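What follows is one structure encoded as structure tokens, with my remarks underneath.
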Amino acid sequence: MGDKALAMKGGREKASVFSVLARNWSFFFLVLTVVIFSFTGKNFFALNNFQSIIHLATTALLLACAETFVIITGGVDLSVGFVLGLSAVASASTMQLLYAAHWSAPASVLVGIVVGIAASLACGLVAGVMIARFKVPPFIATLGTMGIAIGVSYHICGGFPIGYLPPGLTDIGNMYVLYVHPASGAWSFFARPASIAANQIKELVRIAPISFILIFVFLLLLWHLLKNTRFGQHTYAIGGSMDASVRAGINTRRHLILIYVLSTFLAGLAGIVDLFQSGTGNFTTFGAQLELFAIAAVIIGGASLMGGKGRILASAVGVLLLKVLENGLNLSGVQPFYRYIAVGLILIVAVVIDQLFPDLF
Amino acid sequence: MGYVLEVRNITKRFGGLVAVNDVSMGVQAGEVVGLLGDNGAGKSTLIKVISGVYKADAGKILFMDKEVQIDSPMDALAMGIETIYQDLALAENLNTPANIFLGREKMKKALGFLNVLDHAYMQKESSKILEKLDILIPSLRNRIRALSGGQRQAVAISRSIYWDAKFLIMDEPTAALGVAEQKKVISTINLLKSHGIGIIVISHQMHDIFQVADRMIIMRRGEKVAELVTKNTNADEVVSLIVGAETVTK
């Protein structure tokens, strides 16, 4: 028995070098692309560029996290991209109205955020109830809420970005944690050092955009939720076998509704982030395909559309891979449409790896 | 004599069809009863009444000598009546401890305030129960998908036993298993029997039933047609009862 157990352990260890490589191929591929673009891309290998890649990936990361939960249950959420836009225009128009009615800037911003998030939660609730209670396939249910989200956001914004918002949104959204002025040695947190004039801003080294903190906190929270809690365990179980989950006494209906509400909550949050970063309430354009890139990132991270598997951090790597490709190809002077070809190829590779080694993940 | 579980005059109709007609039976502690019959004889309907999936139109269920009301599978589980269906109802993407504890996960406090899954505890308890049932699973961390049919069956059985099953219903436990694995399941059933658990086994594998069952109950067209003591019967008699004597004489 002892010998046998030992032999099995040995076998596992040996296999694990390969399986660690294969499980995390997207991560190694990400490292590889960074190395390649560092040679080919003009100004690619620079602190500013790396920070801006992650900064601009914030909303995509949130959408991918949302999609990860949904895809693990065996569903798909097509609405996230347009819920992002709905949240942005709903909160922006609320802020605009309240600020125009002489509310204070913080009050109108806070109320605006609440309205945007509430609109997003409503979308998830509708989709979740349709899926869990009325057994509508997730594809159709979220296609429905996607249509509603598009219609409502166009109704609110009339097809134009919403401006005239309370001042200071972008100051918060694009703030850095640390500012250093190498020439004078001055430094400060969250704002440029008082000794530095506005025209010297180019000389500042800015470290860690505020979005890093947001993303770090949310990745940590959602990773914990998926990995260490009953909620996460039941999410995997539902994706693995609905039948087994029902018979184990899991309230699968409630759980599925919560999953879709969580998904649109994260999408709504992404809309708020977009509002803070851009300073205008942008609706999602039809060609944006935000939800498709989120799904692609999750699949590249090793999840399966059949459900039952997926990891938050792997999905995050998937997003970063797509963003690095976009940025790196651009800086290497490659025409933009090649990016779509690259994404398509990587997606196919991801699915082929999943098919060839189904037990790895 | 004291039955762990007894059903009296159970009748279940689906519209005009009488699926189970006035059937009574009982199982003692530490006894294995084989439930036999052709397809559509009413075996599955009967066990679904016991496990709370269907509600009987007439008749009563006694558990530990007390009349009980079983309205849902959860009621049955809470009493200690566990059913292992043919499809086992395991989440194949999760590992053994996760399946044994599915829906009843053990939590612990991390950092003093975070409620997190206690993987170590669940793993320890799982290996204990598997050891108790004399089942070897190469690595508990492997997903169910990586296990053989017999090992999956073993996990399903362990889950029931861990949660204190006093009565176990097994639907075709040896179907779709290799010969060696069938033997293993049979010996597991015998082990459970020695722990004093009452068991109903439904099977088409006559050979297996003769190996494990103390008594056999044979159903045909919704009715109980015979109750036999395994020692005093043989396969020919059982088969003729299953298909119906008139068919045999024809």
Charge-dipole axis of chain A as Lys and Arg at +1 and Asp and Glu at -1 on Cβ define it, positive-most pick from A:Gly302, A:Leu275, A:Phe82: A:Gly302
Relative contact order (%) - chain A, alpha-carbon pairs under 8 angstrom, separation at least six: 32 percent
Electrostatic dipole magnitude of chain B [Cβ: Lys, Arg +1; Asp, Glu -1; Cα centre; debye, to 20]: 640 debye
Partners for B:Lys183 among lysines (Cα-Cα distance below 28 Å; same-chain residues under 8 apart left out): A:Lys4, A:Lys9, B:Lys43, B:Lys48, B:Lys124, B:Lys128, B:Lys132, B:Lys166, B:Lys193, B:Lys231
For the range A:242-339, fraction of C-alpha pairs farther apart than 16 Å, in %: 72 percent
Kirkwood estimate for the range A:200-288, i.e. one over the average of 1/r between Cα atoms, Å: 16.2 Å
Rounded Å value of the spacing that divides the Cα centres of the range A:303-361 and the range A:224-252: 27 Å
Summed side-chain charge close to B:Ala19 - residues other than B:Ala19 whose Cβ falls under 14 Å, Lys, Arg +1, Asp, Glu -1: +4
Dipole magnitude of the protein assembly as shown about its Cα centre (Cβ charges: Lys, Arg +1; Asp, Glu -1), debye to nearest 20: 800 debye
Principal semi-axes in Å for the protein assembly as shown [√(5λ), Cα gyration tensor, largest first]: 59, 28, 21
Phi to ³J(HN,Hα) by Karplus 6.51 cos²θ - 1.76 cosθ + 1.60 over the range A:278-285, Hz, x for Gly, Pro: 9, x, 10, x, 8, 6, 7, 6
Size of electric dipole in the range A:41-356: Cβ of Lys, Arg +1 and of Asp, Glu -1, about Cα centre, debye, nearest 20: 480 debye
HN-Hα J in Hz across the range B:33-50 - Karplus 6.51, -1.76, 1.60, θ = phi - 60°, x for Gly and Pro: 10, x, 10, 10, x, 6, 4, x, 7, x, 4, 5, 4, 4, 6, 6, 5, 5
Most positive-pole-ward Cα, B:Ser127, B:Met25, A:Phe45, against dipole of the protein assembly as shown from beta carbon charges: A:Phe45
Amide proton proximity set for A:Thr73, modelled H, under 5 Å, gap of 5+: A:Gly308
Helix-only mean residue ellipticity at 222 nm for chain B, each DSSP H run of n ≥ 4 adding -39500 (n - 2.57), per residue, nearest 500: -10000 deg cm²/dmol
Relative pair counts by distance (%), Cα atoms of chain A, 20 Å bins: 27, 55, 17, 1
Overall dimensions of chain B by Cα: Rg and Dmax, Å: 19.2, 76
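For the range B:185-250, what is the Kirkwood estimate of the hydrodynamic radius, computed as the reciprocal of the mean inverse distance between distinct Cα atoms, to one decimal in Å?
Mean inverse Cα-Cα distance, inverted, gives 12.9 Å.
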Whole-Å distance, taken between Cα centres, linking the range A:27-52 and the range B:14-39: 69 Å
Length-normalised contact order of the range A:57-188 in % [C-alpha pairs under 8 Å, at least 6 apart]: 30 percent
Fraction of alpha-carbon pairs over 28 Å apart in the range B:70-217 - percent: 20 percent
Hits among lysines - C-alpha to C-alpha of A:Lys42 under 20 Å, sequence gap 8 or more where chains match: A:Lys202, A:Lys323
Estimated [θ] at 222 nm from DSSP helical runs (n ≥ 4, -39500 (n - 2.57)) normalised by residues in chain A, nearest 500: -23500 deg cm²/dmol
Relative packing of peptides A:21-33, B:211-223, A:126-138, A:38-50 - highest average C-beta neighbours within 10 Å first: B:211-223, A:126-138, A:21-33, A:38-50
The range B:127-250 - share of DSSP beta bridges that are antiparallel (%, nearest 5): 55 percent
Helix axis angle, B:119-132 relative to chain B longest principal axis, alpha carbon, degrees: 40 degrees
Spin-label model distance (nm) - B:Val225 vs B:Val116, 7 Å beyond Cα toward Cβ: 6.0 nm
DSSP-defined beta bridges in the protein assembly as shown - what % are antiparallel, rounded to 5: 65 percent
Label point distance in nm, A:Met306-B:Asn9, each placed 7 Å from Cα along Cα→Cβ: 5.1 nm
Cα long-axis angle, helix B:179-194 against chain B (0 to 90 degrees, to the nearest 10): 90 degrees
Chain B: angle of helix B:149-162 to the longest principal axis, Cα-based, in degrees nearest 10: 80 degrees
Span from the the range A:109-144 Cα centroid across to the the range B:94-114 one, whole angstrom: 30 Å
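Rule-based calculations on the coordinates, nothing more; no lab input. Quantities reported herein were computed from a predicted structural model and do not represent experimental measurements. Positions of Cβ are generated from backbone atoms using ideal geometry, with glycine treated the same way; all protein chains shown enter the neighbour counts.
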